[in-house]
Amino acid sequence: MQNHEDSSVTLDGIQIRYGGNVAVEDASFTIESGEFFTLLGPSGCGKTTLLRTIAGFNRQSSGSLRIGTVTIDDLPAHRRDTGMVFQNYAIFPHLTVWENVAYGLRARKISKDELKVRVDEALAMVDLGGYGDRMPRNLSGGQQQRVVIARAIVIRPRVLLMDEPLANLDAKLRVRLRNDVRKLQQELGITTIYVTHDQEEALDISDRLAVMSNGRVLQVGTPEEIYASPQHMFVAKFVGEGAFIPAQLQDGGTSARLANGVAVPVRLPEAASGPCHIGLRPEELRLANAGEDSLFAGTVVSRSYLGPQVQLRVDIGVEETLLLRVPSAECPRSAQPGVAVGVVLVSADVAVFANDAAAERE
Ligand code: ATP
C-alpha cells in the first residue's frame, strides 16, 4: 500500500470568498509527496475552508490547485483521489465496522476477494482486526475514529485530508491516537494534510506546518523553524509561550531598549531603529544566583507549581511580566510573590518583531 507516485499538493495564489468576505487570502505553498503537513491556527482563521477547497467541496475564487502535475480545479471532489477524515465521525450506525470500511470500495469495481483483503488490511492497520463484526455503537470514541480512518485509507487515496480528527477525544486518548495516526501515515507514505488548532499536536505530528491567522498563511516551516525562528509575533505567540515586550531598536539594530531602560541584544532585526517587540521564551531565562550579575531586576508576582517545574512571573517594570520555568528541585523557596529577584538572559540574543500589521494581528 506504499504510495510512490507524485502526490504533492500545490496551492498557487488560492483565495476563497464567502460572499463578500475573504476566508483565505493568497495561499501559495507546496506539500511534498509523503509529507505530513498541518494547517495550524485559531478558530475561524480559514483552516477548514482551505482543506475543504483542496477536497473539492468548496471552490476557490481565484488561484489554482495541483496534485502532482495535474491541475484539479475542475475535478469534482470524488475524482480528486483524496480521503477525508472529519472531526464528527460519519459512521453508518446500521452497518457493522467491516461494512462501514467496505462501503467506499463497493462503488468501485473490484472483486470480492480483493475487497476482503483490502478491508481486512485497513482494519488491521488501525488495530481493529478483531472488530469487523461489531456495530459502531459498541465501540469507544477512539475506536470509532479508527473506523473512520480505516474507511479513508481503504480506498488508497493519493492524499489524506484530516480535519481535527481527534478533537472529540479525551486528552490521553488524543495523544495515543495521534501517535498511531503518524505511524500509519509513515507506513503508508501517504501525503497528509491535517487541520488542528492545537499547537502541541501540530509540533508533535508534522513534518512541516503552515501557521494561519485571519485567512493568511503567515509562515510555513518545520516544527523547529516555526518554534525557534518565528517570522511574526503572532506565530511566536501561537506556537509556544513567552513575554512579548514593546521596545525601541537602537545601536544599528543590534539591541532593543525596553521602557525600563534595559537594552537587550536582538537577532536579525528588519530595521536599524524604530519601535518593535522582543520575544522572550521561558527557556531563554533563568533566576540569577545570589550575588550574580543579571540583565533584569524584578519582583516575583506569581509562583505556581507545575510538577517538574515551578512557573514564575516576574515584573521588570514593563508592560508584560517575564515568564520563567525553574526545575522544581532548583527553585529557591525564597522566590515568592513580592520578593526581588535577578533574571539572567541565557541566550546570546532574542527574537525581535517589527511592529507591522501582521505582527499586531491577533
Ligand atoms: P475552526 O477551527 O473553528 O473550524 P477554521 O480555522 O477552520 O475554524 P473556517 O471554518 O475555515 O475556520 O472559517 C474561516 C472563515 O470563514 C470564518 O470567518 C468563518 O466564519 C467563515 N465561514 C466558514 N464557512 C462559511 C460559510 N459556509 N459561509 C460563510 N462564511 C463561512
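The values are calculated or read from the model by the stated rules, or taken from the named source; none is laboratory data. These numbers were taken from a predicted model, which means no experiment stands behind them. Here the Cβ is made from the backbone with ideal geometry for all residues, glycine too, and neighbour counts use every protein chain on show.
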inquiry  = So the check is Cβ under 7 Å with 6+ separation or different chains; which pairs have a first residue in the stretch 325-336 that's assigned to a loop (DSSP other than H, G, I, E, B) and a second one that's β-branched (Val, Ile, Thr)?
reply    = Cys331/Val310; Ala335/Val300; Ala335/Val341; Gln336/Val300
query = Restricting to the stretch 39-63, what's the tally of residues that are crowded, with 19+ Cβ neighbours inside 10 Å, away from the ligand (no atom under 12 Å from the Cβ) and polar (S, T, N, Q)?
reply = 1
remark   = Filtering the stretch 240-249 for residues that are over 18 Å from Leu285 (Cβ atoms) and either under 14 Å from the mean Cα position of the chain (by Cα) or of a type in the set (A, V, I, L, M, F, W, C) (or both) leaves a count of 1
key: Which numbered condition Asn58 fails, given (1) assigned to a loop (DSSP other than H, G, I, E, B); (2) closer than 26 Å to Arg182 by Cβ; (3) not aliphatic (A, V, I, L, M)   = (2)
message = I'm trying to understand the selection: among the residues of the stretch 263-296, which are part of a strand (DSSP E or B), closer than 21 Å to Val352 by Cα and of a type in the set (A, V, I, L, M)?
response = Ala263, Val264, Val266, Ile278, Leu280, Leu285
request  = Please name all residue pairs, on different chains or six or more residues apart, with Cβ atoms under 7 Å, provided the first residue is in the stretch 141-169 and is at positive phi and the second residue is modelled with pLDDT under 90.
outcome  = Arg156/Met1; Glu164/Gln87
Single residue of the stretch 17-31 satisfying the filter (near the ligand (Cβ under 8 Å from one of its atoms), part of a strand (DSSP E or B) and not aromatic (Phe, Trp, Tyr)) that is farthest from Glu200 (Cα to Cα) = Asn21
query = In the set Gly104, Gly83, Gly34, which member is closer than 19 Å to Ile149 by Cβ, within 26 Å of the chain's Cα centre (by Cα), more than 12 Å from the ligand (Cβ to nearest atom) and not in a strand (DSSP E or B)?
reply = Gly34
